[in-house]
Amino acid sequence: MDTEKCRALIAALELGSLTAAAESLGYTPSGISRMMAALEDEMGFPLLIRNRGGVAPTENCKNMLPLIRDFVYMGRRCVQQAASIRGIEIGKLTIGNTYEACYGWLAHLIAGFSRKYPMVEISTLEGTSSELAAALGEHRADFCVMSRREGDFDWLHIKDDQLVAVLPKSSPLSGGAAFPLSAVGNYPFVAIRPAEETDNSRMIAQMGITPDIRFGCPDGLAAMAMVKAGLGIAIMNQLIVDSLEPGGEVRVMPLDPEQYVDIGIGVTRKDMISPAAARFIAYAKEHIEEMK
């Protein structure tokens, strides 16, 4: 069994079809099909359910998938370590980010790192903190800017970011010093990524609050526009609000009681990290103060 066949299997499952996996990896569809057949022969059981809609994992495949991901990751790490010993800095990195406000810092970081290590290929991944925590655990990401989650990875704290209420200036509560969380359910609520686990949804659940969700939107920019239009209130991270320059049409208020989120960087465990990822986190630490 080799890592390339396993990499092809992961690609097929993530993309949903053998054809898409072939295009992504530079193989022909028949070549990918032969690789999957050979891998299933080596395993001794089917790995894929094939139908007109694409492919899905069998139950046995689901059981094997964490080990297969580890196998592919360790193969990539081995290649990077061998190149490092030879004095060649190569590798692949996937950098995840939850907060649109952090893209400027990340872009600056990637640019500087790429000048030092031009042979390291870097891709980015966007998702909620919970999604990125899962990506770290499955070796689909190496370095993620996110809020703290439990998981099999190391954590580097950057800052405690306050959650704040964003209200239309016309709201009867906009004149107060803070927005009482107990009042959230009394006003139309603009939810950011309402179907996903976010900093807001976790805090609201922990506080036992039931918001009156009238509108859903994909990001802070859309939420701010909806609040400015008078459609409702929103709760957002202060760092996102600062990046959006809310202006005089809204009132930004601390919550009562105050709520904070631990924001930092999740990275692959030190004993598992690839040489390229280790160099990137070392470079990032030199520039942490720029993000605070």
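The values are calculated or read from the model by the stated rules, or taken from the named source; none is laboratory data. Every value quoted in this text rests on a predicted model; they were computed, and no experiment measured them. Heads up, the Cβs are rebuilt from the backbone with ideal geometry, glycines too, and the neighbour counts pull from every protein chain shown.
Quick notes on this structure:
- Here the condition is being part of a strand (DSSP E or B), surrounded by 15 or more Cβ atoms within 10 Å (Cβ to Cβ), among the β-branched types (V, I, T) and without any contact (Cβ under 8 Å) to a residue 60 or more places away in the chain; of V190, V164, V184, V252, it holds for V190 alone.
- The test for being modelled with pLDDT under 95, farther than 30 Å from D142 by Cα and of a type in the set (A, V, I, L, M, F, W, C) holds for M207.
- Boolean, A284 is closer than 26 Å to M74 by Cβ, in contact with a Phe, Trp or Tyr (Cβ under 9 Å, 6 or more places away or on another chain) and hydrophobic (A, V, I, L, M, F, W, C): yes
- Filter pass, Y73 being buried (at least 18 other Cβ atoms within 10 Å of the Cβ) and outside the structural domain of P46 (by TED's automatic domain parsing): no
For (1) touching a strand residue (DSSP E or B) at 6+ places or on another chain (Cβ under 7 Å); (2) outside the structural domain of R76 (by TED's automatic domain parsing); (3) crowded, with 18+ Cβ neighbours inside 10 Å, each residue gets a yes or a no:
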| residue | (1), (2), (3) |
| --- | --- |
| A8 | no, no, yes |
| A12 | yes, no, yes |
| L18 | yes, no, yes |
| S24 | no, no, no |
| S30 | no, no, no |
| E40 | no, no, yes |
| G44 | no, no, no |
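- Of all residues in the stretch 271-292, those satisfying the criterion of being touching a helix residue (DSSP H, G or I) at 6+ places or on another chain (Cβ under 8 Å) and either in a strand (DSSP E or B) or exposed (fewer than 15 other Cβ atoms within 10 Å of the Cβ) (or both) are H287, E290.
- Listed by position, the strands (runs of 3 or more DSSP E) inside the stretch 82-160 whose residues that are buried (at least 20 other Cβ atoms within 10 Å of the Cβ) number at least 3 are 91-97, 143-147.
- Flag for P29 being of a type outside the set (S, T, N, Q), out of contact with any Lys or Arg (no Cβ under 8 Å at 6 or more places or on another chain), within 26 Å of E290 (Cα to Cα) and without any contact (Cβ under 8 Å) to a residue 12 or more places away in the chain: no
- In the set (1) under 17 Å from the mean Cα position of the chain (by Cα); (2) part of a strand (DSSP E or B); (3) not charged (D, E, K, R), the condition left unmet by N200 is number (2).
- Checked against the criterion of being touching a residue at least 12 places away in the same chain (Cβ under 8 Å), in a helix (DSSP H, G or I) and closer than 26 Å to L136 by Cβ, the stretch 46-61 contains one or more residues that satisfy it.
- Unique residue being in contact with a helix residue (DSSP H, G or I) (Cβ under 7 Å, 6 or more places away or on another chain) and under 27 Å from I265 (Cβ atoms) when the list is S84, S33, S24: S84
- Count of residues meeting criterion [assigned to a helix (DSSP H, G or I) and either free of Cβ contacts under 8 Å to residues at least 24 places away in the same chain or over 18 Å from K62 (Cα atoms) (or both)] in the stretch 16-26: 7
- Verdict on A178 being touching a Pro at 6+ places or on another chain (Cβ under 6 Å) and aliphatic (A, V, I, L, M): yes
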